[in-house]
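Q: Let me give you the structure first, and then I'll get to my questions.
The values are calculated or read from the model by the stated rules, or taken from the named source; none is laboratory data. Everything quoted here is computed from the prediction, not taken from an experiment. Because the Cβ atoms are built from the backbone with ideal geometry, glycine has one as well, and the counts that use them run over all protein chains shown. Quick note on the areas: whole protein, heavy atoms, side chains included, nothing else; ligands and nucleic acids left out. Shrake-Rupley method; radii C 1.70, N 1.55, O 1.52, S 1.80 Å.
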Amino acid sequence: MDEHQSASLIYGPHLQSNLSTVFSIKFLTAVFSGATAGVMGLTNLEGFFLFALSTIFCASLVVMLKCGSNPKMYLGDGKGISTQGALLQLLIPGMDNVFGFILTWTLLYGVIHVYD
């Protein structure tokens, strides 16, 4: 079976539901890692390192536990089925998630450490 035939086996609403779930997981990961960085008092690159580490950790958990180590079966890259596209879909946080991370990071850092 070639790539074009296997691509036709993806059911659109299921793919959309899977991508929506992944977006929610990435958003919650960003918010909770921002809260953790703020409470711990991390500044500069330490906070962004925590964000990158938590994003990679959660993406690997999704791949291992929910996708059965085969993410291309559940996640597409918008053009077809490929393992690289599925992994990039999990690893790239998106600008809205980065902004959510920075918002919760600075909010909790300011409330806890600046206004003591």
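Q: Looking only at segment 4-15, count every residue that is at pLDDT below 80, closer than 23 Å to L91 by Cβ and either open to solvent by 60 Å² or more (accessible area, probe 1.4 Å) or outside any helix (DSSP H, G or I) (or both) and tell me the total.
A: Here the count works out to 1.
Q: Looking at segment 38-60 only, could you name the residues that are under 11 Å from the mean Cα position of the chain (by Cα), open to solvent by 60 Å² or more (accessible area, probe 1.4 Å) and farther than 12 Å from P93 by Cα?
A: Matches in segment 38-60: F57 only.
Q: Another question, if that's okay. On the basis of being of a type in the set (F, W, Y), open to solvent by 70 Å² or more (accessible area, probe 1.4 Å) and in contact (Cβ under 8 Å) with a residue 60 or more places away in the chain, does F99 make the cut? Can you show your working first?
A: Working: of a type in the set (F, W, Y): yes; open to solvent by 70 Å² or more (accessible area, probe 1.4 Å): yes; in contact (Cβ under 8 Å) with a residue 60 or more places away in the chain: no.
No; evaluated as a whole, the condition is false for this residue.
Q: Still on this model: Within segment 78-88, does at least one residue satisfy the condition of being open to solvent by 60 Å² or more (accessible area, probe 1.4 Å) and at pLDDT 85 or above?
A: No: zero hits.
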